[in-house]
1. Report yes if residue 220 is of a type in the set (Val, Ile, Thr), in contact with a helix residue (DSSP H, G or I) (Cβ under 8 Å, 6 or more places away or on another chain), modelled with pLDDT of 95 or more and within 24 Å of residue 154 (Cβ to Cβ), otherwise no.
2. Would you call residue 42 modelled with pLDDT under 55 and either among the aliphatic types (A, V, I, L, M) or more than 19 Å from residue 252 (Cα to Cα) (or both)?
3. If you scan region 134-159, which residues turn out to be part of a helix (DSSP H, G or I) and more than 18 Å from residue 249 (Cα to Cα)?
4. Where in region 247-329 are there helices (runs of 4 or more DSSP H), lying fully within it, with 2 or more residues that are in contact (Cβ under 8 Å) with a residue 12 or more places away in the chain and under 28 Å from residue 100 (Cβ atoms)?
5. Filter region 201-219 down to residues that are assigned to a helix (DSSP H, G or I), hydrophobic (A, V, I, L, M, F, W, C) and closer than 13 Å to residue 145 by Cβ, then give me how many there are.
6. What number goes with the only condition from (1) without any contact (Cβ under 8 Å) to a residue 40 or more places away in the chain; (2) surrounded by fewer than 16 Cβ atoms within 10 Å (Cβ to Cβ); (3) more than 28 Å from residue 71 (Cβ to Cβ); (4) of a type outside the set (Ser, Thr, Tyr) that residue 239 does not pass?
7. Return yes when residue 312 is buried (at least 23 other Cβ atoms within 10 Å of the Cβ), closer than 17 Å to residue 123 by Cα and either at pLDDT below 95 or not acidic (Asp, Glu) (or both) and no when it is not.
Amino acid sequence: MPPPLTTPNKRRKVASSPTKPPPITPTPSAIGFMTSNSVLRPTYSTGDIDDATPAPADRPVQPHHTNATLITPRGTQVPPSYSNFEESPSKPSTEPTTTTNCLLDEAVAHLLKVDPTLKPVIDKHPCRVFSPAGLAETIDPFRSLASGIMAQQVSGAAAKSIKNKFVALFPPKSCPTGFPPPAIVAETSIPRLREAGLSQRKAEYIQGLAEKFTTNELTIPMLMNGSDADVMSALVAVRGLGVWSVEMFMCFGLKRLDVFSTGDLGVQRGMAAHAGKDVAKLKAKGGGKWKYMAEKEMLERAERYRPFRSLFMWYMWRVEDVDVEAVGG
C-alpha cells in the first residue's frame, strides 16, 4: 500500500481508483502536472516516462545545477551546460564528475554509506526520477509552473480538465510545444483565461507568471545555471508560487539533486517514522505544523545526506510502506 499523498502542511483525502496503479512518486497530483509535457494524455507521476522520451544519453550532472533539458518559450531545447555555473560565490566553477548513467547508483551508495537503515526502503522502491530515463525528460518551465498553479486545491481530474480547456483557448498553430507560450498568455484578458475554469486569482497568477517570462524576469539561463538559492528567490517572488511549490519544481522538474522540503508533511512524517517515532501517537497528540518533527531536527538529520537530499526526500515519502524494524545497527 503506497503512502498517502501529501501537501505542505495539510492532508487531503484523494479518491483511489482500482484501475490505476499507485503513483511512482507519492506526492500531490500538482507535481505530476508540473512535470507532464503532454496536455491530452493522462497525467503521470514524476519519473514516469512517456513513449516520446528519447533514449537516455549519458551526460554530466551537478547536484546544485538544473539537470533537466529545458524547453524555451519558442520551443527549442536547451540541455544543461556547466561552463558558466558556480556552486557557490566562494568556490570556482567545478566540472561535474557524475553522469546521468551513474548518478542514481552513486547517490544511493552515498545514502547507504551514511545511513545503512535505508536499505529496505531503497530495495523496495526503485526511484526513476533520477534514473537515466528520468533525467532524459524535457521540461517546459512555463508550462510546468502554470500547470502547478492550475492544480492547486483541486482534484487531479479537475486539474486535467482545466488544463485541457486552457490549451483549447488558443489556436493550435500558436502553441508549437502543445502549450501556449508566455507571450500569448500575457496578452490574453483575465475573463478569457477564466473560460478554462480558472478562478479569478489563478487566472491572475498565470498571467503574471507569463509576464515574468516575457519581461525576462524569469529566463531559461537563470533557471538552468542559477544557484539553488537564486532560483528559489526568483520563483517565490511570483504571485501564486509558494516555497513548497518551488521546491517540488526544482526537485522533480529541474532535477536538482539537493532540494529538501521541511514544509512537506509527508517528508516530516516519513522522517519521524524513520527515526523510530510513533507516528500515530504524534498525529493523535497534535502539535500544529511541526507535530511529527521540528524543523530544526529535520534540517539537522538531513544534513548528512547532502548533496543528494532530493533522493533522500523521495525515500521519506515511501518509508512508512516498509518494515525497517528487522534491520540491525
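1. no
2. On the way: modelled with pLDDT under 55: yes; either among the aliphatic types (A, V, I, L, M) or more than 19 Å from residue 252 (Cα to Cα) (or both): no.
No: the conditions fail for residue 42.
3. Just the residues of region 134-159 that are part of a helix (DSSP H, G or I), to begin with: 134-135, 141-150, 156-159.
Listed by number, the residues that qualify are 157, 158.
4. Values: elements: 265-274, 279-285, 295-302, 309-316.
Correct list: 265-274, 309-316.
5. Of the residues in region 201-219, the ones assigned to a helix (DSSP H, G or I) are 201-214.
Next, only the ones that are hydrophobic (A, V, I, L, M, F, W, C) stay: 203, 206, 209-210, 213.
So of that shortlist, the ones also closer than 13 Å to residue 145 by Cβ come out as 206, 209-210, 213.
Number of matching residues: 4.
6. All conditions are met except number (3).
7. Against the criterion (buried (at least 23 other Cβ atoms within 10 Å of the Cβ), closer than 17 Å to residue 123 by Cα and either at pLDDT below 95 or not acidic (Asp, Glu) (or both)), residue 312 qualifies.
Here is a yes/no grid of residues against (1) among the aromatic types (Phe, Trp, Tyr); (2) surrounded by fewer than 24 Cβ atoms within 10 Å (Cβ to Cβ); (3) within 20 Å of residue 245 (Cβ to Cβ):
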| position | (1), (2), (3) |
| --- | --- |
| 135 | no, no, no |
| 142 | yes, no, yes |
| 146 | no, no, yes |
| 149 | no, no, yes |
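The values are calculated or read from the model by the stated rules, or taken from the named source; none is laboratory data. These numbers were taken from a predicted model, which means no experiment stands behind them. Glycine also receives a Cβ, built like all others from the backbone with ideal geometry; neighbour counts cover every protein chain displayed.
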